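Undergrad: Have a look at this one.
The values are calculated or read from the model by the stated rules, or taken from the named source; none is laboratory data. It should be emphasised that the depicted structure is a prediction, and the values quoted were computed from it without experimental measurement. Glycine also receives a Cβ, built like all others from the backbone with ideal geometry; neighbour counts cover every protein chain displayed.
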Amino acid sequence: MDDQPLDNQPDGQLEPPAPPPERYPFWSYFDLVVFFGFSFPALLLGWALVKGALTMLHIHVAAAAVEPVAEQAVGYVILFAALKLLLQVEYERPFWPSLGWKRIRIPWLWVVIAGVSAGYAVVFVAKLIRTPETKNTLTEMMQDPTSFWVMLIIGITLFPLCEELAFRGFLQPLLVRSLGAVPGIIVAAIPFGLLHYHEYGDSWRHALIVAAAGAAFGWMR
C-alpha cells in the first residue's frame, strides 16, 4: 500500500513548529528599578530647565501653579522619553503598545458606565470613612483663576496619562505576572495611593481613596 503524506504535505516538508508565545511583560524588575530610580533625576532636571529658562528670559510668573506644573511636566517628558529609549534599544519594542495602549475590545458604553460607577463608588467610600476636607498643596496652588485652569487642564490630561503609564502600564504587568491578577492589581495600587499622600495634606484617607481608584483603573487595564 502506498504511504499517504500526512496533512496533504509532500514528503519531507513538514510545517515548522509554532514559536512559543512571547513572555509578557518582556521587561524585568531591574528595568523597573532603573525607571523609578531615574524619576527623581528626571524631575530635578525638569525643575532646572524651567527655572533656568525663566531666569535667563527674565520671566516672572505670578500664577502659583504655572511654574511647578511646567517643571513637573518637563520632568515627566524626560522620564518617559528615557523609558521609550529603554524599550526600543534594549528590547526593540514600540512604546505605546508595550504599555497596553491598544484599542479597547469592549463597547465604549460599558467603559463610560464603569467609569461613572467607579466615581460614585469612590465618593461613597470617601463618605463612609469620613474623609476630611483638608488644606493641602493642591488647593493652595489653585487659589488664583490662572492656576485653577492650569491645574484642571493638566490634571485631566498629561499627569494622569503619565501616572497610568507608569503604574498600570509598566509596574502592574510585572506584579500580575509574579503574584496573579488580583494581588498584582492591589499591590500596584498601593504605591499609587502613597504617591498622593503628601499632596492631600498627609491624609491616609485620601491616599486610600486614590489607591482604591487605582485598583479600579487596574481592573480596567
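Undergrad: Would you check which residues across the stretch 119-142 are without any contact (Cβ under 8 Å) to a residue 12 or more places away in the chain and not polar (S, T, N, Q) and list them?
TA: Gly119, Tyr120, Val123, Phe124, Lys127, Leu128, Glu133
Undergrad: Out of the residues in the stretch 84-118 that are of a type in the set (Val, Ile, Thr) and free of Cβ contacts under 8 Å to residues at least 40 places away in the same chain, which is farthest from Ala215 (Cα to Cα)?
TA: The extreme case among them is Val89.
Undergrad: Hey, which of the helices (runs of 4 or more DSSP H) in the stretch 162-221, taking only ones fully inside, have at least 3 residues that are within 24 Å of Leu128 (Cα to Cα)?
TA: In the stretch 162-221, the matching helices (runs of 4 or more DSSP H) lie at 181-195, 204-220.
Undergrad: Got a sec? Which of Ile113, Ile78 is assigned to a helix (DSSP H, G or I) and touching a Leu at 6+ places or on another chain (Cβ under 9 Å)?
TA: The unique qualifying residue is Ile78.
Undergrad: Say we look at the stretch 109-135 and pick out the residues that are among the polar types (S, T, N, Q) and within 11 Å of Arg205 (Cβ to Cβ); which of these is modelled with the lowest pLDDT?
TA: Among residues in the stretch 109-135 that are among the polar types (S, T, N, Q) and within 11 Å of Arg205 (Cβ to Cβ), the one modelled with the lowest pLDDT is Thr134.
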